[in-house]
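The values are calculated or read from the model by the stated rules, or taken from the named source; none is laboratory data. Bear in mind that the values here come from a model prediction, so they are computed numbers and not experimental data. Cβ sites come from the backbone with ideal geometry, for glycine too, and all protein chains shown count toward neighbours. When the accessible area is computed, the model is the full protein with side chains, heavy atoms only, and any ligands, DNA or RNA have been set aside. Shrake-Rupley method; radii C 1.70, N 1.55, O 1.52, S 1.80 Å.
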Amino acid sequence: MITILGPTASGKTARAVELARSFNGEIISADSRQVYRDMDLGTGKDLEEYQEIPYHLIDICEAGEKYNLHRYISDFHSAFKDIGERNKTPILCGGTGLYLESALSGILLPDVPENPELRRHLEKKTLDELTAILSGFKRLHNTTDVDTPKRAIRAIEIEEYYRNNPELAGKSDRKIAKPIDSVIIGIDIPREVRRERISKRLVDRLEAGMIEEVEKLLKRGIPPEDLIYYGLEYKYLTLYAIKKFSYQEMVNSLEIAIHQFAKRQMTWFRGMERRGFKINWLPYDLSSDEFQKSVETLL
């Protein structure tokens, strides 16, 4: 597999398409929000960039759903297997660090069923009490998303299931799982250039109808809190649509949030390097020929 990663507005998709054409490839998205249908401008799908190149894990569920890592890992392995069986080259492309790293690590996440008895036992406990219970497990499979009692209970439920099914727990352990053989290409873009691109892209997408996109989703009956849950564009555009923000407050706050998000992406990628993933950083402004030749030397 070839992997293309980088911060938002770095030009990942265009590079992935170039490689797909050269290496008889198909693209697997690693973006936590592009899975949702009718959320196009706000998630930066840029579907026109793919042209004739097949892509996977985009527009696979309805806006308002809560997609998660468990579903992504299952969907990723299905797409990866399907592409390989047709003798095509899988090209993983995206900026969601958790999805990228989890896919590359080769982990498998079993479908953990609900445990009604355990839930009844935990339902009246406070978040602090639940967090204390979680801290008693030797190795947590989920170290995030435990900021509410409901999520903490689910995390405990998962840990209990793994404790009782150690053979399945091993498949979800990155220290045990067999990583996927992939050359990882990072798009290296200077911070100031990245900031300029983010600001320009925000203006372009607002002019292209990003506000109207959110308004349509609200008119369809999707609750504002569900759109706010998706963060970034959907959070701030929804707050504007329900008159919590003025237009300028929305634009200013959103621009700051996207810049902060890009910074967090880079922090995650640097963390991946510390955790043993070799990322080959290539300049964002290489010509297509230069980029392809650079990748060929790495394969």
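Counting protein heavy atoms only, the stretch 1-139 has 48 percent of its accessible area on carbon and sulfur, 1.4 angstrom probe.
Straight-distance candidates among the aspartates and glutamates for linking to Lys12, with alpha-carbon spacing under 13 Å and chain neighbours fewer than 8 residues away dropped: Asp31, Asp46, Glu49, Asp188, Asp285.
Students often get this wrong, so check it: of Lys66/Lys244; Lys45/Lys243; Lys235/Lys263; Lys125/Lys150; Lys66/Lys150; Lys216/Lys263, which have C-alpha atoms separated by over 21 Å? In this structure, Lys66/Lys244; Lys45/Lys243; Lys216/Lys263 exceed 21 Å between Cα atoms. Relative contact order of the chain, taken over Cα pairs closer than 8 Å and 6 or more residues apart, is 25 percent. Taking 0.36 nm per residue of separation and subtracting the current Cα-Cα distance, fully stretching the chain between Ile256 and Arg120 would add 44.8 nm.
Among the protein heavy atoms of the stretch 161-285, carbon and sulfur supply 52% of the accessible surface, probe 1.4 Å, non-protein parts ignored.
Entry comment: accessible area of the stretch 30-72 is 43 Å² per residue, from protein heavy atoms only and a probe of 1.4 Å. The stretch 57-131 and the stretch 272-299 have Cα centres spaced 27 Å apart. In the stretch 161-299, the C-alpha radius of gyration followed by the widest Cα-Cα span (Dmax) gives 20.5, 54 angstrom. The protection proxy used here, the mean number of other Cβ atoms lying within 10 Å of each residue, ranks peptides 26-39, 58-71, 116-129 as follows, highest first: 26-39, 58-71, 116-129.
Read through the labelled values (i) 59, 48, 36; (ii) 56, 43, 35; (iii) 59, 49, 33 and report the label of the one computed as Cα extents along the principal axes in Å from the structure. Read-out from the structure maps to (iii). Using the 1.4 Å probe convention, the accessible area of the stretch 80-131 works out to 54 Å² per residue with neighbouring protein chains retained.
Listed by chain and number, the aspartates and glutamates whose C-alpha is less than 13 Å from the C-alpha of Lys81, apart from same-chain residues fewer than 8 away, are Glu26.
First check a/c for the stretch 1-66, with a ≥ b ≥ c the square roots of the eigenvalues of its C-alpha gyration tensor; if it is under 1.5, answer rounded, and if not, answer prolate when a/b is larger than b/c or oblate otherwise. Prolate is the answer for the stretch 1-66, as a/c is 1.5 or above and a/b outweighs b/c.
Expressed as a whole percent, how much of the Cα-Cα distance distribution for the stretch 48-129 exceeds 19 Å?
Here the tail beyond 19 Å accounts for 55 percent of pairs.
The trypsin sites (Lys or Arg not before Pro) of the stretch 252-299 that meet both conditions, a loop assignment by DSSP and at most 11 other Cβ atoms within 10 Å of the site Cβ, are Arg275, Lys278. Taking all protein chains into account, the per residue accessible area for the stretch 179-249 stands at 56 Å² (1.4 Å probe).
Calculated mean residue ellipticity at 222 nm for the chain: -16500 deg cm²/dmol, from DSSP H runs with n ≥ 4 weighted as -39500 (n - 2.57), summed, divided by the residue count and rounded to 500.
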